[in-house]
Amino acid sequence: MGFFFRQARQYFFQNLGINALTLGTITFSFLILGLFGTLAHNARALMEDWGGRIRITAYLAESVTAEGANRLRDQIGGLEEVQAVGY
């Protein structure tokens, strides 16, 4: 077993430049991966925060009847994304 460790150590120091370049490349790859992961996580949290504060006001034409307005209110209120509808 000692033979293999000696050989590995010998090859490691013989090819120190290549090994350092490989280690640097792997480190850089993990750094970029972590950066994009953090960015995606923060963007998702920001969108969820903004989504909770959105308010939309819709104005109806005067020609819309009360029945049509109620039907429209029920339709909009039935959407999954809508939290509340006021009229």
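Among the residues that make up the range 36-48, is at least one of them aromatic (Phe, Trp, Tyr) and assigned to a helix (DSSP H, G or I)?
Checking the range 36-48: at least one residue is aromatic (Phe, Trp, Tyr) and assigned to a helix (DSSP H, G or I).
Conditions first: (1) modelled with pLDDT of 90 or more; (2) part of a helix (DSSP H, G or I); (3) not β-branched (Val, Ile, Thr). SER63 passes all but one, so which condition is the exception?
So SER63 meets the others, but not (2).
The values are calculated or read from the model by the stated rules, or taken from the named source; none is laboratory data. As the structure is a prediction and not an experimental result, all values here were calculated from the model.
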